[in-house]
Amino acid sequence: MVLFGQNPSQGTLLKASQFLLEELPIRLAHRIKELDQLPHNLSDMPSIQKVKNWYGQSFEELIAFPPIRLPPHIRQALMTPPPDYHQLPESIPNPSLVYTGDDYPALDLTGSLSKYTNGFNNNNNSNSNNNGNANTHHKMRIPMERRYYANTSGITWPPEIRDYNRRFTKSLETIKKRHDPTVTTVAQGVLEWKRSCKARNINLDVQHWLDRFYMSRIGIRFLIGQHIALNTLQPHPDYVGIICTRSNVHEIVHEAIENSRFVCEEHYAMFKGPPVQLICPRDLAFPYVPGHLSHIVFELLKNSLRAVVERFGPDKEDMFPPIKVIVVEGKEDITIKISDEGGGIPRSAIPLIWTYMYTTMEGQSLEQDFQASDFKAPMAGFGYGLPLSRLYARYFGGDLRLISMDGFGTDVYIHLNKLSSSREPLP
Ligand SMILES: Nc1ncnc2c1ncn2[C@@H]1O[C@H](COP(=O)(O)OP(=O)(O)OP(=O)(O)O)[C@@H](O)[C@H]1O
């Protein structure tokens with residue numbers, strides 16, 4: 001996507017529009033089917049129906065989007081691969097993610113990476129029913145880079161192409177906005193269901209379903225966000241759409257520290273939140289989506305700040321031990337460790353922290369019609385911080401791990417995949 005999106009012409013943008021017009025309805029349709037097949041009658045909950053209708057509406061808008069009529073020489077140009085097509089660099093898969101031939105690596109929903117390795121040496125990946133279908137499906141489809149690439153140099157693009165690209169981008173903006181409250185609305189649906197059957201925690205199958213659903217959402221929004229950015233943002237030497245080819249880790253983490261401390265100080269009405277020490281090379285940079293990384297770090301820092309404040313008390317500002325953030329670049333990964341002395345988590349609660357809607361924050365749940373979008377999180381209380389952050393980390397081949405020392409504190413490791421890998425972890 002970085003190669004494709006550098007200095008795009010109206011022709012390349014048209015090619016991208018056509019790719020999305022084919023790809024997005026497929027992804028949306030799968031989600032609609034899944035929303036209909038939720039376990040335990042969850043599909044009947046009003047909020048789940050609401051989300052399903054959004055997906056349906058977006059699907060219809062995309063398939064009804066008026067096609068563009070192009071003169072034959074332009075059509076021909078769009079179908080011809082560029083001369084340097086074969087020189088596209090090979091992607092280097094991260095050895096910690098084992099791919100299974102043509103398949104997408106299965107998203108492991110149990111918390112470990114076992115499925116990646118289970119499928120090793122087994123091209124038909126027998127792990128999941130979904131995969132079986134997905135494989136057949138993907139094999140019939142043309143590889144992404146071939147659909148995405150076109151020899152578009154030296155052509156004068158007729159003005160209707162610019163107009164088409166503009167209209168399609170507008171339509172995507174409407175769709176993206178419509179789906180902003182999806183996470184909170186699905187969460188509300190789960191709450192409705194929990195209330196209706198008086199369940200305390202969500203079942204494992206619902207947890208797996210949510211992981212898959214939200215991971216797919218990250219993928220859809222990444223594609224849409226990238227397209228909108230390519231069409232609307234001014235060129236920047238370090239950016240291709242929403243991908244920053246030189247994401248500076250120090251800057252991103254530093255900003256997340258400032259933001260999370262600010263939220264913490266506001267929430268507890270205190271003058272100074274717990275100090276945060278950052279140990280990170282200032283020039284450490286790699287290609288990433290900065291928005292994803294700041295979201296992850298911000299969520300984890302809020303957890304650490306809250307743990308420290310609640311352990312020592314909001315009026316004990318002088319006693320707060322510092323939270324340490326250490327960033328190291330390895331061969332395969334960039335790892336960020338966030339260590340706090342907030343008292344840790346009891347061992348019995350560890351399996352729960354990765355489940356959606358598990359929170360020990362009281363009185364801030366989604367009881368009312370909660371309309372915030374994803375990136376406007378309160379201090380805590382939603383129970384989505386850890387599981388969603390892990391999905392963001394995994395989307396680009398990274399991971400998130402947490403180790404707690406009950407009675408002392410918590411260490412969280414964010415692994416960011418430094419090497420490129422070619423496929424999304426979608427089942
Ligand atoms: N660093 C930490 N120290 C102690 N407990 C923690 C820490 N991180 C997470 N927890 C526990 O795990 C629970 C779940 O965390 P998670 O981030 O998923 O949700 P939350 O912080 O409660 O709400 P939000 O969705 O707003 O982030 C927290 O409520 C807290 O009890």
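The values are calculated or read from the model by the stated rules, or taken from the named source; none is laboratory data. These numbers come from a predicted model, not from an experiment. Note that we place each Cβ from the backbone using ideal geometry, even for glycine, and neighbour counts take in every protein chain shown. We work out accessible area using only protein heavy atoms, side chains counted, and drop any ligands, DNA or RNA first. Shrake-Rupley method; radii C 1.70, N 1.55, O 1.52, S 1.80 Å.
Quick check, is ARG394 modelled with pLDDT of 90 or more, more than 7 Å from the ligand (Cβ to nearest atom) and open to solvent by 30 Å² or more (accessible area, probe 1.4 Å)? Spelling it out, it is not the case that ARG394 is modelled with pLDDT of 90 or more, more than 7 Å from the ligand (Cβ to nearest atom) and open to solvent by 30 Å² or more (accessible area, probe 1.4 Å). Put simply, of LYS198, LYS177 the only residue that is basic (Lys, Arg) and either at pLDDT 90 or above or under 17 Å from the mean Cα position of the chain (by Cα) (or both) is LYS177. Of all residues in the stretch 332-349, those that are assigned to a strand (DSSP E or B) and open to solvent by 10 Å² or more (accessible area, probe 1.4 Å) have Cβ atoms under 7 Å from Cβ atoms of residues that are acidic (Asp, Glu) and within 12 Å of the ligand (Cβ to nearest atom), 6 or more apart or on another chain, in LYS337/ASP411; SER339/ASP411. Tallying residues that are in contact (Cβ under 8 Å) with a residue 40 or more places away in the chain and over 20 Å from MET361 (Cα atoms) within the stretch 304-319 yields 1. For the criterion of being over 28 Å from VAL249 (Cα atoms) and among the hydroxyl-bearing types (Ser, Thr, Tyr), THR335 fails. Screening the candidates ARG212, ARG261 for the property of being touching a helix residue (DSSP H, G or I) at 6+ places or on another chain (Cβ under 9 Å), of a type in the set (Lys, Arg) and closer than 23 Å to ILE338 by Cβ yields one hit, ARG261. Selection of the stretch 51-79 for residues being open to solvent by 80 Å² or more (accessible area, probe 1.4 Å) and in contact with a Gly (Cβ under 8 Å, 6 or more places away or on another chain) yields an empty set.
Taking the criterion of being open to solvent by 20 Å² or more (accessible area, probe 1.4 Å), more than 9 Å from the ligand (Cβ to nearest atom) and part of a helix (DSSP H, G or I), the residues of the stretch 293-314 that qualify are SER294, PHE298, PHE312.
Restricting attention to the stretch 404-427, the residues that are assigned to a strand (DSSP E or B) and at pLDDT 95 or above add up to 10. If you go through the stretch 170-185 and keep only what is of a type in the set (S, T, N, Q) and surrounded by 15 or more Cβ atoms within 10 Å (Cβ to Cβ), you end up with SER171, THR182, THR184, THR185.
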